[in-house]
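Readers should treat all values here as calculations from the given coordinates under stated rules, not as data from a laboratory. For clarity, every value in this text was computed on a predicted model and none was experimentally measured. For neighbour counting, all protein chains shown are included, and Cβ atoms are generated from backbone atoms with ideal geometry for every residue, glycine included.
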Amino acid sequence: MLKIENLHTYYGNIHALKGIDLEVKEGEIVSLIGSNGAGKSTLLSTITGVAHAKSGSITFKSNNITNIPTYHIANTGISISPEGREVFPALTVEENLRLGAYIVKDKKKIEEGYERVYKLFPRLQERYKQTAGTLSGGEQQMLAIGRALMSNPQLLLLDEPSLGLAPNIVLLIFDLIRSINEQGITILLIEQNANMALSVSNRAYVLENGTVSMSGDAKQIANDPRVKKAYLGQA
Ligand code: ATP
């Protein structure tokens, strides 16, 4: 579904992605793990056209989307829930969700979007008139994911969904990620919480210093002694 080949991205002189090869197949949850500065966010930014790919290619459903203008990305069927959530605090839950459907013209489709999101996140339905700034961190995360689902994507990019959340809320968010996937949405997940990410994923890539240092079945990655030591806090 998504295929990335020999991708190179720079910020000025900083060579942030140094020849990334990565594939996400339809129906999968694939996680990308790695420490701060490894290049995880840069990879998502390059997929969504926010950062410029100097060379290499990004293909989505057989279309070359390398360096696509960011405002076109949602039209391809890709949606992103960004790091730090970035909900609009002064807008209500419903208004925030509506923004995620900006490419959808058909009113019926927008209503279906709300229904889809509220079914997954009943908490958001209960609070639909509340301003986003008054929600808890976990609810804001649900809202950011819900907003990304409003365009009815085939591929959902999740950037650090567990960041700053209490452990019980992290569990809830990962359950929801599973449910979203069970509804047929393919997921590329970026996480510092490698334990949780690997537990819900089919496959995983480990990013180090702008390159893929390891990839494979998520269970196999979770059992790798180097991964255990570096990312899972186990000796
Ligand atoms: P984090 O979890 O901290 O976001 P990451 O794995 O997502 O880490 P990136 O943010 O993609 O890593 O950073 C990759 C490299 O690119 C780092 O060396 C970082 O300092 C650099 N970098 C990231 N964004 C910028 C930017 N806007 N300008 C310059 N350098 C940047």
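Tabulated data
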{"quantity": "Listed residues Leu44, Leu157, Leu91, most fluctuating in the chain (Gaussian network, C-alpha, under 10 Å)", "calculated": "Leu91"}
{"quantity": "Crossing angle, helix 137-149 versus the chain [Cα axis fit, 0-90 degrees, rounded to tens]", "calculated": "90 degrees"}
{"quantity": "Listed residues Gly113, Tyr128, Met142: farthest to the positive end of the dipole of the range 82-152 (Cβ charges)", "calculated": "Gly113"}
{"quantity": "Degrees separating the helix 107-120 axis from the principal Cα axis of the chain, which is the longest one", "calculated": "70 degrees"}
{"quantity": "Size of charge dipole - the chain - debye, nearest 20, with Cβ of Lys, Arg +1 and Asp, Glu -1, no other charges", "calculated": "120 debye"}
{"quantity": "222 nm mean residue ellipticity, helices alone, for the chain (DSSP H n ≥ 4; -39,500 (n - 2.57); rounded to 500)", "calculated": "-10500 deg cm²/dmol"}
{"quantity": "The chain: most fluctuating residue of Ala101, Ala132, Ala90 per GNM, C-alpha cutoff 10 Å", "calculated": "Ala90"}
{"quantity": "Taking Thr134, Thr46 and counting other C-beta atoms within 10 Å, the order from fewest to most", "calculated": "Thr134, Thr46"}
